[in-house]
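These notes concern the structure reproduced below.
Readers should treat all values here as calculations from the given coordinates under stated rules, not as data from a laboratory. Just so it is clear, the structure is predicted and the values come from calculations on it, not from any experiment. All Cβ positions, glycine included, derive from the backbone under ideal geometry; neighbour counts span all protein chains shown.
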Amino acid sequence: MYEYEIQHLRSAELIRQADRERLAREALRGRRTARREAAGRTAAREGDTGRSDTGGTGGTGHTRRPWRLRSARTA
C-alpha cells in the first residue's frame, strides 16, 4: 500500500513540475514575442524596412561573425 501512495505522490509532483515548466516556457515565449513586436514598431517608426546589405546585422544570423564562404580544408 505504501508503494502505491509513494507512486501517487511522485506522479502528482511530476505533473506539477511539468506545469511549472510549461508556464515558464509560455512566459518566455510571450516576452520574446513582445520584444520582437516592440523592435518592429521601433524599426517602422524610424523608417527601417528591413535588413540592408550595408551595415547592421545583415547575414550574421545568431552570431556576430560576418558570413563568408569557407573553402574546403585539405587533409
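Using the Karplus relation 6.51 cos²θ - 1.76 cosθ + 1.60 with θ = phi - 60°, the per-residue 3J(HN,Hα) values for the range 27-39 come to 5, 5, 4, x, 5, 4, 4, 4, 5, 5, 5, 5, 5 Hz, with x marking Gly and Pro. Label sites at ALA43 and THR74, each approximated as a point 7 angstrom past Cα along Cα to Cβ, lie 4.3 nm apart.
Summing charges over neighbours of ARG16, with a neighbour being any other residue whose Cβ is under 14 Å away from its Cβ, gives 0 when K and R count +1 and D and E count -1.
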